[in-house]
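Encoded as structure tokens, the structure appears first; notes follow it.
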Amino acid sequence: MNLATKQLSHAELLELDARYCWHPFTQMQTATAPLPVVRGQGEFLFDAQGNKYFDAVSSWWVNIHGHSNPAIAQAISRQACELEHVMFAGVTHPPAALLAEKLIQHAPAPMAKVFYSDNGSTAIEVALKMAFQYWQNRGVPSKKRIIALEGGYHGDTFGAMATGKSSGFYNPFAPWLFHVDFIPTGVCACTEEEALAALDQLLADSAGEIAALILEPLIQGASGMRFTRPAHVAELCKRCEAAGVLVIFDEVFTGFGRTGTLFAAEQVAQFGGQPDIVCISKGLTGGFMPMAATLTSQAVYDAFLSADVGHALLHGHSYTANPLGCAAALTSLTLFSNEATWGAIERIEATHRRWLPALACHPLIENPRVCGTVAAFELKSSQSQCGSAYGSGYGSNASQWIRQTFLELGIVVRPLGNTVYWVPPYCTAPETLENAYQTLMHVLQRWGSLIAPGPGSELF
């Protein structure tokens, strides 16, 4: 029997997984059994016993058009029969060139060039290397420092970890992470002032040493869906531009419609701010293939042009510009030219906003908020509600309880500590999302009388 197509029973799948697999962001000693998914269709996942689950987090925010989208699946199939892969060093192919053209056409100014990589974290590494080497190539070697926002998360490779170390995920690796200057995030009016003041001070004291500012525009995802205003992000950009500091937008999560526009940078541009480099991944291929890209301005690109190969960006991956990924991304982008896609995005946001008043007045919910298709709120800790020491951080009992309770009710969520959020695929039917909110009300009833469950294990 072909092992690639072998059908496994529910028990067989879980047994093999327990024997051989090591899952991400999971304490394997205390983790509950994973959900044994065997099929996906639209906004739903199906387990080995035929049970259906609403994928309310788009499988870690990547599946934007729905599982098994036929247009993307067919594009990958056609491409696989023509050219499955070829190295991108010294070679090009139609899917890569066409996708680069489309990305630049859709990207906010001043993006002009596309550098492909494999995932969001590697897109960040490319951006950081671009920023550092840009100044080296221009004869300003003193610019070696990076500014980042407190709580930002940019991935799990070493450069990305350094820029996200204030998120608290990387303590075991602290001795190996380069120095980064952190400023407040600016999630409210008071911290906006603190953030701008901190940035002004750094630029006044050390502009000649700072290579770039990196941030997640509008939404810090893994830190708990923390929102920032586009006007504030624009102010950060304008200050950096005036001081001669590059700006990197991490749109790995916020790109491809999540904030209500194709890129969050479009909303920032309305207030006069723009990045020099933009990192994208996750929704790039519609959730079908691992792929990423780092977009940059012509000015940044030009700094690498030289007769000296040492001035080139000597970086790459074996699967750079993989044709299958490019074909998937091209088709995913084409779906955004369909009014139905934007209509679906608007309907999802409208449903979120319709539920905001009910969430805002609920005694067990704090800070409900909406940005595009993203809705989030904090579930009040049972420590204050029930007198039990549950805590609310990553890996807490609260986080694990939330996940398991929703799963029992047919909804897949990945709480960020006690932050619960919806990030549904755009194909989600209105009744599916309405049912999710109704289910939430049921979960809140149970949460109010919570008895301490077992130890938490999964982070997010």
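Tell me, which helices (runs of 4 or more DSSP H) lie completely within the stretch 32-112 with 1 or more residues that are over 30 Å from Glu15 (Cβ atoms) and among the β-branched types (Val, Ile, Thr)? It would help to see each step written out before you state the result.
Details: elements: 58-61, 70-80, 94-106.
Qualifying helices (runs of 4 or more DSSP H): 70-80, 94-106.
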*Members of the stretch 137-171 found to be of a type outside the set (Lys, Arg), at pLDDT 95 or above and surrounded by fewer than 18 Cβ atoms within 10 Å (Cβ to Cβ), listed by number*: Gly139, Val140, Pro141, Ser142, Asp156, Thr157, Phe158
*How many residues are over 19 Å from Val245 (Cβ atoms), aromatic (Phe, Trp, Tyr) and outside any loop (DSSP other than H, G, I, E, B) if we restrict to the stretch 114-167?*
3
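Looking only at residues in the stretch 199-248 that are modelled with pLDDT under 95 and not hydrophobic (A, V, I, L, M, F, W, C), which one is surrounded by the most Cβ atoms within 10 Å (Cβ to Cβ)?
Top of the filtered list is Ser223.
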*Determine the pairs where a residue that is assigned by TED's automatic domain parsing to the domain that holds Arg403, located within the stretch 46-62, has a partner that is in a loop (DSSP other than H, G, I, E, B) and basic (Lys, Arg) with Cβ atoms under 6 Å apart, the partner being 6 or more residues away or on another chain.*
Val57/Arg414
*Determine the pairs where a residue that is of a type in the set (Asp, Glu), located within the stretch 119-135, has a partner that is part of a helix (DSSP H, G or I) with Cβ atoms under 9 Å apart, the partner being 6 or more residues away or on another chain.*
Glu125/Phe158; Glu125/Gly159; Glu125/Ala160
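What number of residues in the stretch 19-31 are within 28 Å of the chain's Cα centre (by Cα) and either loosely packed, with under 12 Cβ neighbours inside 10 Å or not in a loop (DSSP other than H, G, I, E, B) (or both)?
Residues in the stretch 19-31 being within 28 Å of the chain's Cα centre (by Cα) and either loosely packed, with under 12 Cβ neighbours inside 10 Å or not in a loop (DSSP other than H, G, I, E, B) (or both): 7 in total.
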*asked:* So in the stretch 328-365, with the set limited to residues that are at pLDDT below 95 and in contact with a strand residue (DSSP E or B) (Cβ under 7 Å, 6 or more places away or on another chain), which one is nearest to Arg78 (Cα to Cα)?
replied: Ile365
*Run down Ile365, Ile348, Ile280 and say which single residue is closer than 28 Å to Phe44 by Cβ, surrounded by fewer than 21 Cβ atoms within 10 Å (Cβ to Cβ) and either touching a Ser or Thr at 6+ places or on another chain (Cβ under 8 Å) or among the hydrophobic types (A, V, I, L, M, F, W, C) (or both).*
Ile365
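The values are calculated or read from the model by the stated rules, or taken from the named source; none is laboratory data. Everything quoted here is computed from the prediction, not taken from an experiment. Here Cβ is always computed from backbone atoms with ideal geometry, including for glycine, and neighbour counts include all displayed protein chains.
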